[in-house]
Amino acid sequence: MTTLVLCVDRSNDVGRKAGVDTPVVGWEAVRSLVTDLGLADPEDAGVNSLLESLRVARDLSDEGEEVAVAVVSGAGDSAVRADRALARQLDDVLATDEFDSAVVVIDSAADERAVPMVESRLPVDAVDRVVVRQARDLESTYYLLKQFMADEELRETVLVPIGVGLLILPALLVYFSPAIAVAAVTTLLGATLLYYGMGMDEVVESAPDHAREALYSGQVSVVTYVAALGLSIVGVFLGVLSASPVAGAEFVAGLQFTYAAVPWLALAALTASFGRLLDELIRDEGVRTPYLNLPFGVLAVGLLFRGFAGYFLEQEAGKEPLVLLGYALSPTERLAVFIVGGIALALVGVRVAASVSDETLDEVIDETGSGSTGDASIGGNRGDGG
């Protein structure tokens, strides 16, 4: 049984500061890397991470296990390229020997995001996060603040939003009341913290790369997604125009918005799913059941929303009754028609998916019922494909 002690440096501090190409494999090579990185930047936490990797490898070896130690790092001008470089290096390390498990050594939360990448290739027995102990006196606190100010990423995510908030606060106080000014600045700071805390900055940063790859690969869904976005904007615009801002009738205004916007929003979702279907057909890999079910499900949900909105509008706002085959339907009959239509569309979708794919009807119903589980597995299996 061979265990791989893997030191992960997602930010590429090792390669950038020590001038060493990764991956670095082997006890002597990693120990030499500790010296190179320590001489280049003795204050870097990566030095402690490398030493921890050697310590863990030594302890496991003393217990009689076969151990190999390696260092991988991400290199690139974006998070996507850095992670892909890290994945390639990890594959190179795994190609050198057959490993049964891994112990991952990291020194930051950013490095911890690479752990699932290792787990997808090799069982991970433990994750060892190195925390450097610091002296707790005033001088050390001042020193840590200086280090904080020198970190470019921390400056962008913390100091810049605070600085912008402090700059606009006086202007807001001049034109608005103190309560409005403080609320606006607090909202700005909260939105910024959520933006970085939820990782939206990485999504925005990687979006151009994903869009460029999708365009180069000829995916039809790129065009249909743009069309769906435009249709959604049209739907929201028409919904706002249809809503009557009457005092005390906010519920009716919301129903009017829903009644007018739902057809366009359903059409937008249908357009996006149609593009996804075309991509599946172009790849000639067979259309999977969830993509066949999606258009029918979208139409069914759209019918239900419009039916309920029309029912309440007819009851509360005097909307004209629906005429079907020359017969004016009552509000209850109108709602029943839309509900039956939505259920019928959903059943048609299940039947079409079962007839086109190789699955039985029971399997299609089970897969449709699993809902989010099926979507998650699709995203996990084909995340790189867009």
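Compute the FRET efficiency between residue 43 and residue 186 as 1/(1 + (r/R0)^6), taking r as their Cβ-Cβ distance and R0 = 35 Å, and round to the nearest 0.05.
On the way: r = 35 Å, r/R0 = 1.01.
It comes to 0.50.
Roll a 1.4 Å probe over the protein heavy atoms and report the accessible area of residue 251 in Å², nearest 10.
Accessible area, nearest 10 Å²: 130 Å².
List the residues whose amide H sits under 5 Å from the amide H of residue 67, counting only those 5 or more places along or on another chain, with H placed 1.01 Å from N in the peptide plane.
Counting only residues 5 or more places away or on other chains, the set is 3.
Using θ = phi - 60° and the Karplus relation 6.51 cos²θ - 1.76 cosθ + 1.60, list the HN-Hα couplings for the stretch 34-41 in order, rounded to whole Hz, with x at every Gly or Pro.
3J(HN,Hα) across the stretch 34-41, in whole Hz: 4, 5, 4, 5, x, 6, 6, 8.
Between residue 351 and residue 55, what is the label-to-label distance in nm when each label sits 7 Å out along the Cα-to-Cβ direction?
6.8
The values are calculated or read from the model by the stated rules, or taken from the named source; none is laboratory data. Keep in mind the model is a prediction, meaning the values are calculated, not measured. Here the Cβ is made from the backbone with ideal geometry for all residues, glycine too, and neighbour counts use every protein chain on show. Remember, those area values only see protein heavy atoms, side chains included, never the ligands or the DNA or RNA. Shrake-Rupley method; radii C 1.70, N 1.55, O 1.52, S 1.80 Å.
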